[in-house]
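Structure, as structure tokens:
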Amino acid sequence: MSKHRRLDPAEVRRVCDASQFNFHSTAEVEPLSSGIIGQERAVRAMEFGLRVRHPGYNIYVSGLTGTGRTTYARHAVKEVAALQDTPDEWCYIYNFNDPSQPLALWLPAGQGLVFARAIEELLRDIRAELPRAFASEEYQEQQDAIARRLQRDSAEILNQTEEAARQQGFALKRTSSGVMTVPIQENGEPLGQEEYLALSVAQRRDLEERSRKLQDLVTDAVRRVRAKEKQAQKEIEELKKRVASYAIDPLIQRVRELFSSHQSVQEYLDGYKEDVVRNLSWFREEESSKEGLALPWGFQKREFSRYEVNFFVGQEKGVGAPVVVETNPTYYNLFGSIEYRNLMGTLATDFTMIRPGAIHRANGGYLILQAKDVLSNPLSWEALKRALKNKEARIENIGEYARMVPTTSLKPEPIPLDVKVVMIGTPLVFQLLNQIDEDFGKFFKVRVDFDNEMEYSAENIAAYAAFISAFCIRENLLHFDKEAVARIVEYSSRLVGNRNKLSTRFNDVVELLYEANSWAQTDGSTVVTAQHVDHALEEKVYRSNRYEEKLQELIQQGKILVDVQGAVVGQVNGVAVLDLGDYRFGKPARITARTFMGEKGVINIEREIELSGQIHSKGVLILSGYLGAMYAQGRPLALSASICFEQQYEEVDGDSASSAELYALLSSISDVPIKQGLVVTGSVNQRGEIQPIGGVNEKVEGFFAVCKQRGLTGEQGALIPHQNVDELMLKPEVVEAVRAGLFHIYPVRTIAEGIEILTGVPAGEAGPDGQYPLDSINGKVNARLQEMAEALARFGKDS
């Protein structure tokens, strides 16, 4: 019986005892209400971040995908937001002083839509009331009176002028170019050409002099008539304003009373009234419309759009602060846009076409973003930082920056910004942003760090059952019986790679819940059982393990050389983990070492041909340190050795095979064969201590599969670092083989312990004289190195 410790079945897989549950199925379990399990650190950080309202205390939720970070962030933010005051609403209104810069107007929650509808109704009433007012008999009488007075005054002036002309022997003749003086005879007839030529020179000179004086009188008369016309026009305009004011003042006053306490609304209504009065012609029936020459709808609407309200951001009163989740944070989706319409081949816009972005809708509340999405959209990240820095939400069309020639566009007034941003991403993105963006730490001072594992405890197992219950109810799945819940717990430990932990990557757990439910429904079962969970896991593996099966087939056919019986000098079984994205498995590999006299030390063949990663190369270099410390204290290390991963055609990286490489070296030097029924994993340091590695479950199971194909003999097994024992959650078939004594797992602490298991020969300890027993591994290695050193010395002298 081996003196070295072998793990018992309970140590290679932690079985969740279903008898600990006091329910038959999750239908009897109270559903999880908190929405999060095992994330105390993250919960405390989130509570703190949501509580602090100072600038820069935005939140970065850091964690791996599937840990529930997004679900929890939404739940926690909504819970806090519901207790806060509802922020103001925002409208954009026409700027009557500078139409290119629309004004932002705030109103209490629930009042923005009221205001917009009131203005809409006001415009509708004005458009109906003004034509009626100007069509009234009273207005027509007053306008006619002004016209009659103008006609009377003009006629009186012209009559006086005509009388003065007759007295001077002239008549007045109106033409398109003005009023002309025409000389007349005594009988009143115009003086003809012949009569004019018959006059003497003195008579002609007198006639021309009287005509010139009379023309001055006519000019003065025309001036007086035009002055009367201007006065009449002014009186008509004043009449129109009085009539318009009389018609619209009650309508505007009704809106004023609704918003009597809001000074900005009162100022807007003042400008509104002045502009309506200034543009009364738009509201009257135009001749073009009567004649069927009405403008296209777009142009008609554009005239009156200035009297509308762009209800920009609304809030539901009494529901708390807004929580906006933007799943596609492009620049325009985040910060809004100014849209354009095509009017007869021309692009036109106005303030009613300003559209809000997520940051406007979240103003006064919370904005939840995915870091990867924000960073992958051009300009979004820089614009977000600028908005947080300046505390204002500005709407700009980014296309303006790309134009060579400046164009006229709207510049809406920025809206004051008060928003807390919750950005969700991976730890790597958090680290990169901290390193390359100097502003990141200023704006995201709170990190909510999600762990991917939690303690294996009765409390957390109960929480798992509550989570499954809640999920079944929410997704309308069949409930899971207690044995199925136990299988889910075991799967959770396998996911995290530690039997003392449970996984918090619930997305992977949810996949299993869906698939087990599907198989249960296929069987016509009323609950999901452990068999359905096991079947779901088997099918999940089967969908992804084609490549693994092909490799196992090649090993079985002898095309990939792996021995599981016998013993060979300088040869040991190692194992690597291949990750296909959705599936990981262990791939056994033969590691060989050849040693010979020389001074080159340990040669890593993979490194020589550039197939060795940096970490693997480091592991090989450590071997030279170990050999020198153990065997070259009193003499030089006269050794050349080559190490190779046989049939390895892709890059090798990681140091988990460094102990196996050292075992192969020691075997080659000592000429003691290594048992081929054992596989080795574990890194080593220069002191010969075995260090932990990753993927221990996949590595053991990968070698077990080969042994099972070739036939289990009871001499096969795996050497693993003792630190990895708590990570073992092996498949049930491996556990059964361990229980039957057909497969063994050895937890190893040192190289000495491992070489004894692999060779069956004691490693040997140095005596007081520093020498090792000759029949030990160390003794044989030491003796062989001594021979090499002496031979090398003789060779040097002879040459």
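Read-outs throughout are calculated quantities, based only on the coordinates presented, and are distinct from any laboratory measurement. Owing to the predicted nature of the structure, the values given are computational and were not obtained by experimental measurement. Here the Cβ positions follow ideal geometry from the backbone for every residue, glycine too, while neighbour counts run over all protein chains shown.
Ile669: net charge of surrounding residues, Cβ under 14 Å, Lys/Arg +1, Asp/Glu -1, itself excluded?
Within the 14 Å Cβ shell, the charges total 0.
What FRET efficiency, computed as 1/(1 + (r/R0)^6) with R0 = 41 Å and r the Cβ-Cβ distance, is obtained for Glu475 and Thr349, rounded to the nearest 0.05?
Given R0 = 41 Å and the Cβ-Cβ separation, E is 0.35.
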### Query
Given charges of +1 on the Cβ of Lys and Arg and -1 on the Cβ of Asp and Glu, with all other atoms neutral, how large is the dipole of the chain about its Cα centre, in debye to the nearest 20?
980
### Crossing angle, helix 201-258 versus the chain [Cα axis fit, 0-90 degrees, rounded to tens]
40
### Query
If the cut-off is 27 Å between C-alpha atoms, which lysines fall inside it for Lys230, apart from same-chain ones fewer than 8 positions away?
Lys173, Lys213, Lys240, Lys241, Lys273
### Task
Please work out which option in [x] 164, 79, 48; [y] 95, 64, 45; [z] 94, 80, 62 gives Cα extents along the principal axes in Å calculated from these coordinates, and answer with its label.
[x]
### Message
Applying a 10 Å radius around every beta-carbon, put 308-315, 97-104 in order of their mean neighbour count, most first.
### Response
308-315, 97-104
#### Entry: Stretchable slack from Glu689 to Glu392, in nm (0.36 nm times residue separation minus alpha-carbon distance)
100.9 nm
### Query
Counting Lys +1, Arg +1, Asp -1, Glu -1, what net charge surrounds His24 among other residues with beta carbon under 13 Å of its beta carbon?
-2
#### Entry: Cut-off 9 Å between beta-carbons: net charge of the residues surrounding Ala232, Lys and Arg +1, Asp and Glu -1
+1
### Task
Provide the FRET efficiency to the nearest 0.05 for the Asp270-Glu438 pair, computing r from the beta carbons and using R0 = 56 Å.
0.70
### Task
Kindly express, to the nearest 10 degrees and within the range 0 to 90, the angle between helix 112-134's C-alpha long axis and the longest C-alpha principal axis of the chain.
20
#### Entry: Cross-link partners of Lys550 among lysines (Cα-Cα below 24 Å; sequence separation of 8 or more within a chain)
Lys540, Lys559, Lys587, Lys699, Lys708, Lys731
### Query
What is the spin-label model distance, in nm, from Glu646 to Thr65 if the labels are put 7 Å beyond Cα along the C-beta direction?
4.0
### Query
Quick one: putting +1 on the C-beta of Lys and Arg, -1 on the C-beta of Asp and Glu, what dipole do you get for region 636-780 around its Cα centre, in Debye to the nearest 20?
360
### Query
How about region 34-120: which trypsin sites (Lys or Arg not before Pro) there are in a DSSP loop, with at most 14 other Cβ atoms within 10 Å of their Cβ?
Arg53
## Note on the structure
Simple spin-label estimate for Asp582/Arg44, 7 Å along Cα→Cβ, in nm, reads 3.9
### Message
With +1 on the Cβ of every Lys and Arg and -1 on the Cβ of every Asp and Glu, and nothing else charged, how large is the dipole of region 1-57 about its Cα centre, in debye rounded to the nearest 20?
### Response
480
### Summary
In nanometres, the difference between 0.36 nm per residue of separation and the alpha-carbon distance of Gln160 and Thr327 is 51.7 nm
### Query
Got a sec? Which residues in region 225-264 would a label at Asp125 touch, if it sits 7 Å along Cα→Cβ and we count backbone N under 20 Å?
241-264
### Task
Would you be so kind as to identify which of Pro692, Tyr464, Asn724 lies farthest towards the positive end of the dipole of the chain, taking Lys and Arg as +1 and Asp and Glu as -1 on Cβ and the Cα centre as origin?
Pro692
### Query
How far is helix 658-670 tilted, in degrees, relative to the longest principal axis of the Cα atoms in the chain, given as a value from 0 to 90 rounded to the nearest 10?
30
### Summary
Here, Gln565 and Val541, labelled 7 Å along Cα→Cβ, have an inter-label distance in nm of 2.5
